[in-house]
Amino acid sequence: EAYSISMTIQEYLASKPGSLPSNIKIIGTDISATMLKDASNATYDKMSLSRGISEDRKKRFFIPQGDKWQVRPEIKTRASFRELNLLNNFSALGKFDIVFCRNVLIYFSADVKKDILKRIHATLRPGGYLFLGASEALNGLPELYQMVQCSPGIIYKAK
């Protein structure tokens, strides 16, 4: 998702030059060192790209390399990757304007999920946003998050 977010930023900047800071950083995290290595390599096979990347985006944001596709440098440079276990402290990552925590909280008990969401809140700047997966919901914690209805979907704003 880090590269997808970077592509979206690139598209937005193309339509509204200068509207965002030039130093946007995206940190992708995973518990798996293998997944992080693959993400850092930024090289994908045809099958991987066929799952959600349009032909237009593939041509604009990837460089063909034999039977693989490499993410273009202007997309790749915004993203870095770090190992992270959500059960551990992650305050060292810094403060964020937006956190995407999609389709992972469903694997935790309600108490653990609540603890993780409190710690995510601590990493969000005031007014920052939390995006969860479509099958996830933020139950409770009204003192920390305000639900924002979007069309489609819901996001959560840090209080």
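The values are calculated or read from the model by the stated rules, or taken from the named source; none is laboratory data. Since this is a predicted model, take the numbers as computed values, not measurements. Please note: Cβ atoms are built from the backbone with ideal geometry, for glycine as well, and neighbour counts cover all protein chains shown. Side chains are part of the model used for accessible areas, which takes the heavy atoms of the whole protein and leaves out ligands, DNA and RNA. Shrake-Rupley method; radii C 1.70, N 1.55, O 1.52, S 1.80 Å.
Return the carbon/sulfur percentage of the accessible area of the stretch 11-66, one whole number, probe 1.4 Å, all protein chains in place. Working shown, then result.
Working: 2200 of 3990 Å².
Here it works out to 55 percent.
So what does Tyr145 come to for accessible area, using a 1.4 Å probe and Å² rounded to 10?
Accessible area, nearest 10 Å²: 10 Å².
Heavy atoms only, 1.4 Å probe, whole protein assembly: order Thr77, Thr29 by accessible area, highest first.
Details: Thr77 100, Thr29 65 Å².
Correct descending sequence by accessible area is Thr77, Thr29.
Find the accessible area per residue for the chain; the probe is 1.4 Å, ligands and nucleic acids are left out, and the unit is Å². Don't jump to the answer; show the numbers that get you there.
On the way: 10040 Å² over 159 residues.
The answer is 63 Å² per residue.
Could you compute the FRET efficiency for Glu55 and Arg82, with r as their C-beta to C-beta distance and R0 at 35 Å, rounded to 0.05?
That gives a FRET efficiency of 0.65.
Just flag the trypsin sites (Lys or Arg not before Pro) in the stretch 102-151 sitting in loop per DSSP whose Cβ has no more than 14 other Cβ atoms within 10 Å. Intermediate results must be reported in sequence, preceding the final value.
Working: sites: Arg102, Lys113, Lys114, Lys118, Arg119; in loops: Arg102.
Passing sites in the stretch 102-151 are Arg102.
Under the Kirkwood approximation applied to all pairs of distinct alpha-carbon atoms, what is the hydrodynamic radius of the stretch 30-159 in Å? Intermediate results must be reported in sequence, preceding the final value.
Values: mean 1/r = 0.0596 Å⁻¹.
Mean inverse Cα-Cα distance, inverted, gives 16.8 Å.
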